[in-house]
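Below: the structure, in structure tokens.
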Amino acid sequence: MENRRGDRTVGPSGKSALPNCPVASVPHPPAADPAQDPRAAFLDRDGTIIEDLGYLGDPERIQFILGAIEAMQSLQAAGYRLVLVTNQAGVARGLITEGDVRRVNDRLRELLAEAGVVLDAIYYCPHHAEIGPAEYRLACDCRKPGPGMVERARQDLGVNPARSVIIGDHGSDAGVARHFPGMLAIMVLTGHGSCQYEKVEKGELPMPDHVAADLGSAVAWLLARGDR
């Protein structure tokens, strides 16, 4: 059960979460329908769907990783809700603004739509626990590996985390899955994935359920399981 301290909400992890966090940049996600018990693919952005170019603030610099669009088409065809979940601490660091993040996300959504891929929701976290001005220097549940963005999607979309998967190039993505029994975690070796997997092998980061070369390979493995 949640309780409040001042104008902040204290989640089950004990971290504080602002009432408007995680931040949605798709303002009107599909209405939740619990009767459908839908599954979701929670997808990291930089290094998973698009090339990680640092703290990306220019929508014109978006570069899709080879095979990523086709992988998302396959997930959508298999009945997965597609939900983007991305840490954007560059905002807290003062390197980009929330406006930059929204513009990049909106352009990404447009480009995917041109390929027939619909993002059901986009969530991002602009916070960092130790860096930045007071409004962004916050240890909150929305920042992966916290559960906040998945919890928000459960509220907004009615998705069932136990039937869902999270795919990303960081150990923090696998860390999210630990909050939700039954959720699968796949690490891709694109972006920071190779360096992150070295830490996984040393026991410094949580072990994912599967490691794949890229998003296309991750989705192929997932759909071949047939148990979601």
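Odds and ends about this structure:
- Here the condition is being crowded, with 22+ Cβ neighbours inside 10 Å and in contact (Cβ under 8 Å) with a residue 40 or more places away in the chain; of 89, 71, it holds for 71 alone.
- So residue 118, is it assigned to a loop (DSSP other than H, G, I, E, B) and within 26 Å of residue 214 (Cα to Cα): yes
Yes or no, residue by residue, for (1) modelled with pLDDT under 95; (2) closer than 22 Å to residue 188 by Cβ:
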residue	(1), (2)
58	no, no
67	no, yes
73	no, yes
108	no, yes
130	yes, no
151	yes, no
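- Restricted to the stretch 29-62, and to residues there that are more than 18 Å from the chain's Cα centre (by Cα) and of a type outside the set (Gly, Ala, Ser), the residue that is surrounded by the fewest Cβ atoms within 10 Å (Cβ to Cβ) is 60.
- Taken over the stretch 161-171, the criterion of being surrounded by fewer than 19 Cβ atoms within 10 Å (Cβ to Cβ) and not charged (D, E, K, R) is satisfied by 162 alone.
Condition check ((1) among the acidic types (Asp, Glu); (2) over 23 Å from residue 228 (Cα atoms)) across all residues:
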position	(1), (2)
135	yes, yes
155	no, no
159	no, no
167	no, no
190	no, yes
207	no, no
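- Taken over the stretch 64-90, residues that are in a helix (DSSP H, G or I), closer than 23 Å to residue 103 by Cα and aliphatic (A, V, I, L, M) amount to 3.
- With respect to being of a type in the set (Gly, Ala, Ser) and touching a His at 6+ places or on another chain (Cβ under 9 Å), residue 92 fits the description.
- Close pairs from the stretch 209-228: first surrounded by fewer than 16 Cβ atoms within 10 Å (Cβ to Cβ), partner assigned to a loop (DSSP other than H, G, I, E, B) and not small (Gly, Ala, Ser), Cβ under 7 Å, at least 6 apart: 213/189
- Filtered residues of the stretch 124-134 (kept if within 26 Å of residue 109 (Cβ to Cβ), in a loop (DSSP other than H, G, I, E, B) and out of contact with any helix residue (DSSP H, G or I) (no Cβ under 7 Å at 6 or more places or on another chain)): 127
The values are calculated or read from the model by the stated rules, or taken from the named source; none is laboratory data. In this text, all values refer to a predicted model and were calculated from it rather than measured experimentally. Neighbour counts run over all protein chains shown; Cβ positions are idealised from the backbone, glycine included.
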